[in-house]
Amino acid sequence: MRFLLRRIIAGIVTLLVVTMLVFVLSRIQGDPRSLLISEDATQEQWHELGRQLELDQPVYRQYLRYTTNLVQGDLGDSTLQRRPVVDILWTRIPNSALLAGTAFAFAILVGIPLGILSAVKRGGFWDHGARSFAVLGQAMPVFWVALILIYVFAVRLDWLPASRNAGWTSVILPAITLGWFGASGQVRILRSSMLDELDSEYVRLARAKGSSTRAVVWKHAFRNALLGPVTFAALTLASLITGSIVVETVFSWPGLGLLAVQAVSNSDYPILQGVILLTTLVFVFASFLADVLYMAIDPRVRIR
Amino acid sequence: MRINIKGRAQIYFAGIIVLFVLTAGCGGSNDQPATPHSALAATSTALAMTSTALPEESSPTETPSTRTIRAFTLAASNVAFPAMVPGHLPVAPSGFMHRWGVYETAMAWAVDKPELEFRLITGWKADPDGRGWTLELKRGVQFHGGWGEMTADDFVWSFEDEIRDGSIHSGIGLARATGAKAEVVDEYTVSFRLDRSNSFFFDAFFGNGSGASTKVFSKNRIESLGIDAAFLDLSGGTGPFVFKKWAQGDEVVLEAFEGYHSTPSRLKSVHILEINEPSTQIAALKSGQVDASLVPAPLAEDVASDPNLGTFSFGIPGSQRLYPQGQFCMETTLAGDPVEPYPRPGYDPIKPWVGECGNPVSQENARKVRMAMSMAIDRQSIVDNILGGFGRPSYLPEVLPPLLDLIWQDKWFIPYDLDAARKLLVEAGYPDGFDALVRITTGSHPLEVEMGQAVAQFLGALSGDIKTEVLTYSGNRPSVVARERSDLWFRSSSAGTAEPPELTQLRRNPGNAFNPGLEVREPLDIIRRMDSITTQEEIDKIREQLYDGFNHNQWIIPVVLADQILGINTDRILEWKMTTGSGYPGDFENIRFK
């Protein structure tokens, strides 16, 4: 329990530091009016906008107000949309969750079988294939993969939509693009862990005792090889939710990543702050989840 | 349960192999010959896609239900939320609303010709002293959502909302400077009076259909729902389309308004899909996911070469210009208030294009330097080699079609003449040229860096060491607002709005929040002379003087006008007549499908 408690406290501290950084960084950008004000604006309008944005208040008061609101779940209003940031985030979260969930499923459903196959059939066709898959997935730039997939499956074959969320078929291409990197990581980590386990003495003993290959692979080697892939999977899930900026931009997928890009181009800092805070929260939670899973999988962690 | 790992894995892997085979076989260039581009004169963007005879004009007996053909989809980028729709807020995004046919103004540019036509009014007359106008409103104009007929009350409310206390609407400066007041004469008549004459007030608020022009909202609706609620759901206009959905960063859906007071739309609905990645936009167009798409200039040739697609220029092109920054020579604002701080941080008389304020010899030398820089730029080469023909050279600053077409004169042509430019530099006291930094800002046009670097190369051929620096527009803007810059700023815009050119120049008033590095009294004084005149002939004469001044002094160095390009699916769309008025695609009611 002490282990978990330490993790929870570390998570809270991380969140606090991030809120402070987000606030300070947004102020370092300079006076937001210089980005927001219309080129037609008069000096009178300049002052009016400052009043509306509460820039006439001292910085410490602005920070106090910011944190007080934050604790109450109020991330402020979008400067462009004039709507609560929380409401805007909620419109994007389901899309990001759908994309991340599908990409995660792809990463797991492709990565784990390929990783196991690669280890079990070491040196064979499946091993070479899986390793090629992994190298390509980690070496190819995501935007390039996205464009190639769009070109092949949307423009040439006309099987799938080129972009946006326009039904369940829309998620396939962005999910593959996003999930390929994670699948590749799973293949590499699982293959490596499985090879270690398959070479270990207890597996040899099991084989010597006449256990079937299936039992050796699934019951003995796979279970013990899971620790690395589970950690990787938890962090992959977090990065899929929060780190899909490129994929969402290329596919115009209306998720959090695209929202962040749009917020930057519109100089809409309250939204950007909201996305960053949410991102941090997801990462902190994912790390915590990984720790809990550690405890479930490896009893030695519980003892510590 | 038995898991057949081998069988499943084979399926997965086979999929991957197929992907790679397809990928390997599908790359490369398109060898089809490019079709000729249409660098259309920007006064009109109507373009018949085929030579087929046009369908007959709509008959008055045609009902909306017989006319609505289908939904139309358009891929566009950066469709910002129209939070600024309310009149009391700045107006730029409400240009979308106008172009998309949701809100309407008193008048708007006509299709096919650079002329204004009536929309919400049936006529107007000026007071004899030139300080007032009476507008006759069109009868039977219904607001969306069943909020009744538009009356003079609505018109006056909409105007007053733009100029009320706390407003940051772009027209407020003009309205306050002239003491503008609106009055309901009767149910369908509105009058406006100014305390002091102003010859372009009418154009700005009622004439051009963009910028500061008054968009009319239902007063009844706003008073019933409250101002925030009334504006947030985006209805309450009078145009041919009603808002159905606005998902920021994703999709906008418009539906035909069956109660429209003029020819109703042929389309059932319009879906504007936000796709910001240019390659994805074109993929959506090629795959048929959308009927039309904005086309970034670098991809125009690719689109034009597709036998099922066509391209055309539309709207008002973007102005690409070079600001010789640092010309801060005004000690007082137009209103006579002292400029603070003075001198401006960016005032640097050592810069050859700035010169010493108040010293006529130095100012004349600076003028020659600016003219030399202007003559050293081969504008046509930029149009041909960078814009692929989608544009035209520009010789007057920030004056955009259709106004440019109305006022253009041959005497303002600036030749590309390097020898003459060098001679001017020698006369100005710079026989060996000078070093300079060209700051190129990004975020407005996909080819702005290429154009800016081309300008820098042309200047390099004229002068000494010309360096370039690329920075985002937003990154550059704070230092511009603070009047800190004294280098050369190459600035792009992807599209323009048709507004009286004097309004643009008035923003050079040091009293304004923003200034691109030009606070010079002479053009402002010329514009102010317009306040006391009333006839079009006199206005035209003063405009000519203004542009003579800009042409002679090159306070701003115009470079090129870059077209906005649309790609359309020619299998589906027969014709799309578009008016000028702004750089946004619109006028969906004029689309005809095959």
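The table for this structure:
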| read-out | value |
| --- | --- |
| Odd one out for B:LEU418, checked against (1) away from every other protein chain (no Cβ under 14 Å); (2) buried (at least 18 other Cβ atoms within 10 Å of the Cβ); (3) touching a residue at least 40 places away in the same chain (Cβ under 8 Å); (4) not β-branched (Val, Ile, Thr) | (2) |
| Within region B:248-257, considering residues that are in contact with a Ser or Thr (Cβ under 8 Å, 6 or more places away or on another chain) and more than 7 Å from chain A (Cβ to nearest Cβ), the one nearest to A:PRO254 (Cα to Cα) | B:VAL253 |
| Pick from region A:255-280, criterion at the interface with another protein chain (Cβ under 7 Å from one of its Cβ atoms) and within 15 Å of the chain's Cα centre (by Cα), ranking: nearest to A:ILE28 (Cα to Cα) | A:LEU259 |
| Any hit, region A:168-176, residues being crowded, with 21+ Cβ neighbours inside 10 Å, modelled with pLDDT under 90 and away from chain B (no Cβ under 12 Å) | no |
| Identity of the residue in region B:258-276, buried (at least 23 other Cβ atoms within 10 Å of the Cβ) and assigned to a loop (DSSP other than H, G, I, E, B), that ends up nearest to the other protein chains (Cβ to nearest Cβ) | B:ILE275 |
| Test result for B:LEU334, within 14 Å of chain A (Cβ to nearest Cβ) and under 30 Å from A:VAL142 (Cβ atoms) | no |
| Residue list for region B:245-268, restricted to those being touching a residue at least 24 places away in the same chain (Cβ under 8 Å) and more than 24 Å from B:GLY140 (Cβ to Cβ) | B:TRP246, B:GLN248, B:GLY249, B:ASP250, B:VAL252 |
| Candidates A:ARG223, A:ARG164, A:ARG191, filtered to the one that is more than 14 Å from chain B (Cβ to nearest Cβ) and of a type in the set (D, E, K, R) | A:ARG223 |
| Hits in region B:141-155 - residues which are under 10 Å from B:VAL216 (Cβ atoms) and outside any loop (DSSP other than H, G, I, E, B) | B:ASP154, B:PHE155 |
| Out of B:SER279, B:SER287, B:SER319, B:SER235, sole residue that is more than 14 Å from chain A (Cβ to nearest Cβ) and among the polar types (S, T, N, Q) | B:SER235 |
| All positions within region A:135-154 that are more than 11 Å from chain B (Cβ to nearest Cβ) and not β-branched (Val, Ile, Thr) | A:GLN138, A:ALA139, A:PRO141 |
| Failed criterion for B:ILE227 (all others in (1) in contact (Cβ under 8 Å) with a residue 12 or more places away in the chain; (2) within 14 Å of another protein chain (Cβ to nearest Cβ); (3) under 25 Å from B:GLN536 (Cα atoms) hold) | (3) |
| Counted residues, region B:112-127 - those being in a loop (DSSP other than H, G, I, E, B) and either under 17 Å from the mean Cα position of the chain (by Cα) or modelled with pLDDT of 85 or more (or both) | 4 |
| Any chance B:ARG485 is in contact (Cβ under 8 Å) with a residue 12 or more places away in the chain and touching an Asp or Glu at 6+ places or on another chain (Cβ under 7 Å) | no |
| Criterion: buried (at least 18 other Cβ atoms within 10 Å of the Cβ) and at pLDDT 90 or above - qualifying residue of A:LEU75, A:LEU114, A:LEU109, A:LEU80 | A:LEU114 |
| Test: A:ALA260 is free of Cβ contacts under 8 Å to residues at least 60 places away in the same chain and under 30 Å from A:LEU195 (Cα atoms) | no |
| Count - residues of region A:68-110 that are of a type in the set (Ser, Thr, Tyr), free of Cβ contacts under 8 Å to residues at least 40 places away in the same chain and part of a loop (DSSP other than H, G, I, E, B) | 0 |
| Single match in B:VAL295, B:VAL216 (criterion: touching a strand residue (DSSP E or B) at 6+ places or on another chain (Cβ under 8 Å) and either among the aliphatic types (A, V, I, L, M) or away from chain A (no Cβ under 14 Å) (or both)) | B:VAL295 |
| Listing of helices (runs of 4 or more DSSP H) fully contained in region A:144-249 that carry 3 or more residues being within 30 Å of B:ALA283 (Cβ to Cβ) | A:172-198, A:227-242 |
| Failed item in (1) out of contact with any Lys or Arg (no Cβ under 9 Å at 6 or more places or on another chain); (2) under 30 Å from B:SER479 (Cα atoms); (3) at pLDDT below 90, with B:VAL339 passing the rest | (3) |
| Members of region A:259-279 that are outside any helix (DSSP H, G or I) and among the hydroxyl-bearing types (Ser, Thr, Tyr) | A:SER267 |
| The listed residue being under 22 Å from A:ILE108 (Cα atoms) and either more than 14 Å from chain B (Cβ to nearest Cβ) or small (Gly, Ala, Ser) (or both), out of A:SER200, A:SER184, A:SER211 | A:SER184 |
| Candidate set: region A:121-143, residues that are assigned to a loop (DSSP other than H, G, I, E, B) and free of Cβ contacts under 8 Å to residues at least 60 places away in the same chain; chosen: the one nearest to B:ILE275 (Cα to Cα) | A:PRO141 |
| Condition check for B:ALA513: touching a helix residue (DSSP H, G or I) at 6+ places or on another chain (Cβ under 6 Å) and of a type in the set (A, V, I, L, M, F, W, C) | yes |
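This table checks each residue for (1) farther than 23 Å from A:LEU149 by Cβ; (2) assigned to a loop (DSSP other than H, G, I, E, B).
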| position | (1), (2) |
| --- | --- |
| B:LEU285 | no, no |
| B:GLY288 | no, yes |
| B:SER293 | no, no |
| B:GLU301 | yes, no |
| B:GLY310 | yes, no |
| B:SER313 | yes, no |
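The values are calculated or read from the model by the stated rules, or taken from the named source; none is laboratory data. Just so we're clear, the structure is a prediction, and the values are computed from it rather than from any experiment. Virtual Cβ from ideal backbone geometry, glycine too; neighbours counted across all protein chains shown.
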